[in-house]
1. Comparing A:120, A:34, A:110, which has the greatest mean-square fluctuation in the GNM of chain A with Cα pairs linked when under 10 Å apart?
2. In Å² (nearest 100), what accessible area is buried between A and B, both sides summed, heavy protein atoms only, 1.4 Å probe?
3. How big is the gap, in Å, between the Cα center of segment A:161-216 and the Cα center of segment A:35-81?
4. Using θ = phi - 60° and the Karplus curve 6.51 cos²θ - 1.76 cosθ + 1.60, what whole-Hz ³J(HN,Hα) does each residue of segment B:3-8 get, with Gly and Pro shown as x?
5. Report, to the nearest 10°, how far helix A:29-43 tilts away from the longest principal axis of the Cα atoms in chain A, using its own Cα long axis and a range of 0 to 90°.
6. In chain A, which Cys residues have no partner Cys with a Cβ closer than 4.7 Å?
7. What does the helix-only formula give at 222 nm for chain A: each DSSP H stretch with n ≥ 4 adding -39500 (n - 2.57), the total divided by the residues, and the result rounded to the nearest 500 deg cm²/dmol?
8. If Lys and Arg each add +1 and Asp and Glu each add -1, what is the summed charge of the other residues whose beta carbon sits under 15 Å from the beta carbon of residue B:58?
Amino acid sequence: MTHDHDSDRGHDHGPHPYQPDLEAAPLTHYQAMTQAVGELLIEKGVFSADELRAMLEAIDAKSPAAGARMVARAWCDDAFKARLLTDVNKAAEELGIDAGAIPIRAVENTPDVHNVIVCTLCSCYPRLLIGLPPDWYKSRAYRSRTVREPRRVLAEFGTAIPEDVEVRVHDSTADLRYMVLPARPAGTEGWDETALADLVTRDCMIGVSLPKSPGA
Amino acid sequence: MTARFSVGDPVRVRAAFPPGHVRTPFFVRGKAGRVTQVLGPYRNPEELAYGRSGEPALPLYRVVFETAELWDGYQGAPQDTTLVDIYENWLEGA
């Protein structure tokens, strides 16, 4: 036996690799800088360790639920949809959602246009409305290929866009953030907003996917 | 600062390659597009990045490009487009 636990339960396999500790890799320059600045700000009383922790917790707790509620409302209320397409932050306030200070715009999918969002320079993303970006959104492959061959990227996400539809790629590299207002799925006539919101996923608000089908 | 360009104006992105923090993606530099929206004044990120004020603010535009004109051998459909937000100091009339 190479390790001594549970040997009498027939747990007799060879040595296996352990999952590496988070600390197994050396800190990168920016990780070290982030820790150092955080510690200095706490030491100087700019904020407390608990405030920093609470902020991280609040950021981690963001989810696509807020964005999904806004999409569902837009599907049920044309006047709200018009306001959402003008200014997402203001429209969010109507639903008691804090979309933050960075201006966010919604782009609408129609029978003729499919929108997809990328930030080629970094990973800009409307976090307050759809949560933290997935790792793939930040990857070099997604950032470079979505502008170069968007239809192939979409196909890899399982999203086939017909040849006669315009694929419109939005590169959010400056001061605004973008979210997709997907089209309301067929077969949802008469559904209420809560049921509709359940069909709205993070990925369909990035534009790499479509809303779930009713009954799926 | 008044915006030099209006919606519908043809523009070309400067084919410049300065060092430092720049928000204009390489793949649109030197390319021709059209203004689809005037987004308003925003502080200059090329200055903000170095702890300066970023003033005067620059007009920011949504510029639409034909995707097929951005890439050699683009495999998508001819009507596909790419929209990028570009500060006025990167645009010239076309």
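The values are calculated or read from the model by the stated rules, or taken from the named source; none is laboratory data. Nothing here was measured: the structure is a model prediction, and the numbers come from that model. Note that we place each Cβ from the backbone using ideal geometry, even for glycine, and neighbour counts take in every protein chain shown. Keep in mind that these areas ignore ligands, DNA and RNA; they rest on the heavy atoms of the full protein, side chains included. Shrake-Rupley method; radii C 1.70, N 1.55, O 1.52, S 1.80 Å.
1. It is A:34.
2. Separately minus together, A and B give about 1900 Å² buried.
3. Their Cα centres are 23 Å away from one another.
4. These are the phi-based 3J(HN,Hα) values: 6, 7, 10, 10, 4, x Hz.
5. Tilt relative to chain A: about 90 degrees.
6. So, A:76, A:122, A:204.
7. When only DSSP H runs of four or more count, the value is -11500 deg cm²/dmol.
8. -1
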